[in-house]
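Participant: Dropping a structure here in C-alpha cells format, bear with me for questions.
The values are calculated or read from the model by the stated rules, or taken from the named source; none is laboratory data. Since we're looking at a predicted model, the values are computed, not measured. For neighbour counting, all protein chains shown are included, and Cβ atoms are generated from backbone atoms with ideal geometry for every residue, glycine included.
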Amino acid sequence: MTPYASVRHADRFIKQLAALGFEGLDTFYFSLPAQRALFGSLKGFEAFLRERGMQKVVSVFFAKPTGSPGWFFHRREDHQNIVDFCSRLMDQCAELALENFIVMPTNTHWQMEPITDDSLHILADLWNRVGEVTRRHGVRTSIHHEFWGGIRTWDQIEKFYAWTDPELVWFFCDTAQHVIAGVDPVQLYERYHQRCSGFHFKDTHDVDNQEDYRRPPDAELVAPTVQRWFWEMGTPAGLVDFPAVMRALRKHGYRGWLSLEHDKADIGGGNFAESTAVAKWYADNVLSPIYR
C-alpha cells in the first residue's frame, strides 16, 4: 500500500522512519501530486515531516524507463520536451528545500541498442541542459545509473562524465546497481568523488553475467536467472563491500546525505518495514563507527 493513499497511511509511514532515526526523505516525482493533494502543498508535506521528527525532502527521483513518443532520451528531437518537463517540475518543487534532482539518464538498454559514442554524446547534451535548469533552482542534476540502462559499463560511464559539465551534472552512486553491472562502486566513487552528490545504499546477491540487462520489458522483474536483484544491507550473501564504501567516504571527507533505498523488497515474502529496520541497524552498528 502506498504511504500516500491517505494521511493515516502517510502518518504511519513517516513515524516508522523517524522512530528508526531517519532525518530526510527521497521521493519519486510521480508521488508529488498525491503529497500535494493530501497536505495542500509540498510545503505542507514538508511541515508534516518536521512535525514527526524528520527534516525535509532531500531529493526527487525522475525516470522514464519505458520510452514513448517525446520521451526517448537518446533522441535529440525529444530533448526540448524533456527539458521543459524538468523545468516545470523544478517550478513545482520550489517550495521544498530540495538538494538533488536524481535522474535515470536513459530508457531501458534494449530500447536504445546499440550504445554508441554518438548516443552517449546526445545523452550528455540533454543532461547538461537539464543541469542548467536545476542549477537555477539551487538543485543538482544527479545521474543515477541502472544495470539495465544505456550507461552501465565503466567505459560508458567515463565517456558520459567526460562529455558533461561537472558544474551541471553530478554523479549519484547506487551501490547495488553498479555491482550488478560488474562495476566496483568504491572505485567509481574514488574516481568521481568530487562530483558525487549522494548515495543509494542497497545490496545485491547477484552479478548480471547472462546479459539480463538486455531483457525486455523490465530486466529487474522478468529475468529468469534471478528472483530478487536487490537486498537490504546486512544480509550474509551481500556483494557490496559497504565498509570499504564508508572508508572511502571518510578518506574524502564526504558530508552529504546517505540514503537507504529498498527496491522490490517484498519479493519472496519480505516486506519494506522489516528491510528498513534491518538496514538501519546495519548502518548504525556497522557503518557509522567506521566513519566516526
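Participant: Cβ-Cβ distance below 8 Å, separation of 6 or more or different chains: which pairs start in the stretch 218-245 with a residue that is on the phi > 0 side of the Ramachandran plot and end on one that is assigned to a helix (DSSP H, G or I)?
Facilitator: These pairs meet every condition: G234/V278; G234/A279; G234/W281; G234/Y282; G234/V286.
Participant: Looking at the stretch 137-155 only, could you name the residues that are polar (S, T, N, Q) and either over 18 Å from H121 (Cα atoms) or in a strand (DSSP E or B) (or both)?
Facilitator: T141, S142
Participant: Any residue in the stretch 190-204 that is closer than 28 Å to S275 by Cα sitting within a Cβ distance under 8 Å of a residue that is small (G, A, S) and in a strand (DSSP E or B)? List the pairs, counting only those 6 or more apart or interchain.
Facilitator: S197/S142; G198/S59; G198/S142; G198/S259; F199/S259; H200/S259; F201/S259
Participant: May I ask you to verify whether D218 is loosely packed, with under 14 Cβ neighbours inside 10 Å, modelled with pLDDT under 95 and under 21 Å from I143 (Cβ atoms)?
Facilitator: Spelling it out, D218 is indeed loosely packed, with under 14 Cβ neighbours inside 10 Å, modelled with pLDDT under 95 and under 21 Å from I143 (Cβ atoms).
Participant: A follow-up question, please. Can you find, within the stretch 129-154, the residue that is surrounded by the most Cβ atoms within 10 Å (Cβ to Cβ) among those that are among the polar types (S, T, N, Q) and closer than 20 Å to A94 by Cα?
Facilitator: Only one residue tops the list, namely T141.
Participant: So which strands (runs of 3 or more DSSP E) are wholly in the stretch 22-129 and hold at least 3 residues that are at pLDDT below 95?
Facilitator: none
Participant: Tell me, please, whether a residue that is among the hydroxyl-bearing types (S, T, Y), under 21 Å from the mean Cα position of the chain (by Cα), at pLDDT 90 or above and within 21 Å of Q194 (Cα to Cα) can be found in the stretch 235-257.
Facilitator: Yes, the stretch 235-257 contains at least one residue that is among the hydroxyl-bearing types (S, T, Y), under 21 Å from the mean Cα position of the chain (by Cα), at pLDDT 90 or above and within 21 Å of Q194 (Cα to Cα).
Participant: Can you work out which of the residues in the stretch 155-178 that are touching a residue at least 40 places away in the same chain (Cβ under 8 Å) and crowded, with 23+ Cβ neighbours inside 10 Å is farthest from the chain's Cα centre (by Cα)?
Facilitator: T164
Participant: So for the stretch 101-120 (the condition being β-branched (V, I, T) and more than 19 Å from the chain's Cα centre (by Cα)), does at least one residue qualify?
Facilitator: The initial filter retains those residues of the stretch 101-120 that are β-branched (V, I, T), namely 102-103, 106, 108, 115-116.
Narrowing the set further to residues that are more than 19 Å from the chain's Cα centre (by Cα) leaves 115-116.
For the stretch 101-120, residues β-branched (V, I, T) and more than 19 Å from the chain's Cα centre (by Cα): present.
Participant: Any idea which residue in the stretch 188-205 is farthest from W154 (Cα to Cα), counting only those that are part of a helix (DSSP H, G or I) and out of contact with any His (no Cβ under 9 Å at 6 or more places or on another chain)?
Facilitator: Among them, the one singled out is R195.
Participant: Next question, about the same structure. If you scan the stretch 1-21, which residues turn out to be outside any helix (DSSP H, G or I) and either in contact with a Gly (Cβ under 7 Å, 6 or more places away or on another chain) or in contact (Cβ under 8 Å) with a residue 60 or more places away in the chain (or both)?
Facilitator: G21
Participant: Sticking with this structure for a sec: Counting only residues that are surrounded by fewer than 16 Cβ atoms within 10 Å (Cβ to Cβ) and either assigned to a helix (DSSP H, G or I) or hydrophobic (A, V, I, L, M, F, W, C) (or both), which one in the stretch 258-271 is modelled with the highest pLDDT?
Facilitator: I267
Participant: Next question, about the same structure. Out of curiosity, is W257 touching a strand residue (DSSP E or B) at 6+ places or on another chain (Cβ under 8 Å), under 19 Å from E23 (Cβ atoms) and touching a residue at least 40 places away in the same chain (Cβ under 8 Å)?
Facilitator: yes
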